[in-house]
1. Taking residue 63 and the conditions (1) in a helix (DSSP H, G or I); (2) within 30 Å of residue 241 (Cα to Cα); (3) touching a residue at least 60 places away in the same chain (Cβ under 8 Å), which numbered condition does it fall short on, given that it satisfies the others?
2. Report whether or not residue 263 is under 29 Å from residue 281 (Cβ atoms), in contact with a helix residue (DSSP H, G or I) (Cβ under 6 Å, 6 or more places away or on another chain) and either surrounded by 24 or more Cβ atoms within 10 Å (Cβ to Cβ) or free of Cβ contacts under 8 Å to residues at least 60 places away in the same chain (or both).
3. Return yes when residue 324 is without any contact (Cβ under 8 Å) to a residue 24 or more places away in the chain and either surrounded by fewer than 20 Cβ atoms within 10 Å (Cβ to Cβ) or under 18 Å from residue 274 (Cα atoms) (or both) and no when it is not.
4. Being crowded, with 19+ Cβ neighbours inside 10 Å, farther than 20 Å from residue 177 by Cβ and modelled with pLDDT of 80 or more narrows it down to one residue among 75, 66, 89; which is it?
5. Against the condition surrounded by fewer than 24 Cβ atoms within 10 Å (Cβ to Cβ), more than 19 Å from the chain's Cα centre (by Cα) and within 30 Å of residue 164 (Cβ to Cβ), how does residue 250 come out, does it pass?
6. In region 213-237, which residues are buried (at least 21 other Cβ atoms within 10 Å of the Cβ), assigned to a helix (DSSP H, G or I) and modelled with pLDDT under 85?
7. Out of (1) farther than 22 Å from residue 161 by Cα; (2) surrounded by fewer than 18 Cβ atoms within 10 Å (Cβ to Cβ), what's the single condition that is false for residue 95?
C-alpha cells in the first residue's frame, strides 16, 4: 500500500493528517517569530538555548501523568482542550514587546509546548487503533513526512512573513491554525481508546512503569528513538544566523531557509528507504548515515550557501529514524498500555532534545565554535550506531 492509498482509504487518518498539516504549518511561523524576537532583544546564547529547551522540556516533565491521562480519558475531548490552550498561549505572545518580558515569553512557550506534546501523545496513542499492524509504519511515515513538509513551508514562508509582514502577524496566523484544527477535531469520529478500569490514577502510573521494567526490549527502542533528539539544533541555527550569516542575509530569512532546506530533506528521505524490508538492518544503516551527514554539515557551516546544502543532507535520514523506531515500539506494546509507553518514550525523547539544546547554548557561551558543536552531535550518532550493533539481537522486528 502507498501513502496515497492509506489516506484515500482511511478517512479518519486522512482527517488527522489534515489537522497536522494545518496546525503544523502555522506553528513554524511562530517559531521563526520567537527567535527573531529574542535576537531583536539581543539575548545571550544561553537564553536562546533555554527558549529552545522549553520547546521540549514540558513534554518530558509531564510524561508519566500524560500517558495515564490518555489511557483513562475521552481522546476527542482531551484533544479539543489542548488545541484551545495552544491557540490562547499563541495569542498571548503578541503582548511581548520589551526585553523585560522575555520571562513571560518563556512561560508561554512552556505552557504551549506542554499542550502540544500532550496532544501528540494522545494522537500517537490513537493511531494504532485506526490502522492495521501492516499499515502502522506507513501511518507513522505520513505523520513524519507531514511534519517535515509543514516545517519546509512554514519555516521558509515564516521567514519571509516575519521579515516583510511582522512578528505580531505571525503569531496571529499561528493562532488561527489552531482554531481551524479545533474545528476539524470537533467533527472527527474517533474511538475512545481509554481502557475500562477500576484502578486509581496512581495505580495506572505505577502499572505503566512496571510494564516497561518487565519489557526491557521496549527500553532499548525508547533509547534508540531518543537519538533523533540529537538533531534538536534550533538554537544552533539561530546562532549560525546571528554569528555567521548576518552579513549575507537577514536573521529571519537565514533561520527560515536553513530550517526549510533541512526539512525538505526530512520530507524526501522516507521515499529513499520505503523499499527496505529489513527494519533492523535499515536502522543500523541510518544511524551511521546520520552521523556522516552531521560531520559533512559541520564542514560547510561557515558559508551560508554551503550550509544550506549541508542542512539538506542532514535532513535526509532523520525522519526515517524517527518513523522506524516509533513503529517498532508501537507494534510491541499491548493496547492497554499505548498511552503510558508512548508517554515514557516521548519523555526520554524530549529530555534528549532539551539536553541537546542546553548543551549547544552552554558550549556556545563557553566559546566553542558552532561547527565543532555540530561535530559533537555527529559523534553522538556514531556512538548510537555502535550501541545499536551491541543490542541488535535483543530487538525483535
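1. Status for residue 63: all satisfied but (2).
2. Values: under 29 Å from residue 281 (Cβ atoms): yes; in contact with a helix residue (DSSP H, G or I) (Cβ under 6 Å, 6 or more places away or on another chain): yes; either surrounded by 24 or more Cβ atoms within 10 Å (Cβ to Cβ) or free of Cβ contacts under 8 Å to residues at least 60 places away in the same chain (or both): yes.
Spelling it out, residue 263 is indeed under 29 Å from residue 281 (Cβ atoms), in contact with a helix residue (DSSP H, G or I) (Cβ under 6 Å, 6 or more places away or on another chain) and either surrounded by 24 or more Cβ atoms within 10 Å (Cβ to Cβ) or free of Cβ contacts under 8 Å to residues at least 60 places away in the same chain (or both).
3. Spelling it out, it is not the case that residue 324 is without any contact (Cβ under 8 Å) to a residue 24 or more places away in the chain and either surrounded by fewer than 20 Cβ atoms within 10 Å (Cβ to Cβ) or under 18 Å from residue 274 (Cα atoms) (or both).
4. Of the residues listed, the single one that is crowded, with 19+ Cβ neighbours inside 10 Å, farther than 20 Å from residue 177 by Cβ and modelled with pLDDT of 80 or more is 75.
5. It is true that residue 250 is surrounded by fewer than 24 Cβ atoms within 10 Å (Cβ to Cβ), more than 19 Å from the chain's Cα centre (by Cα) and within 30 Å of residue 164 (Cβ to Cβ).
6. Matches in region 213-237: 234, 235.
7. Residue 95 satisfies all of (1) farther than 22 Å from residue 161 by Cα; (2) surrounded by fewer than 18 Cβ atoms within 10 Å (Cβ to Cβ) except (1).
The values are calculated or read from the model by the stated rules, or taken from the named source; none is laboratory data. All values reported here derive from a predicted model rather than from experimental measurement. Because the Cβ atoms are built from the backbone with ideal geometry, glycine has one as well, and the counts that use them run over all protein chains shown.
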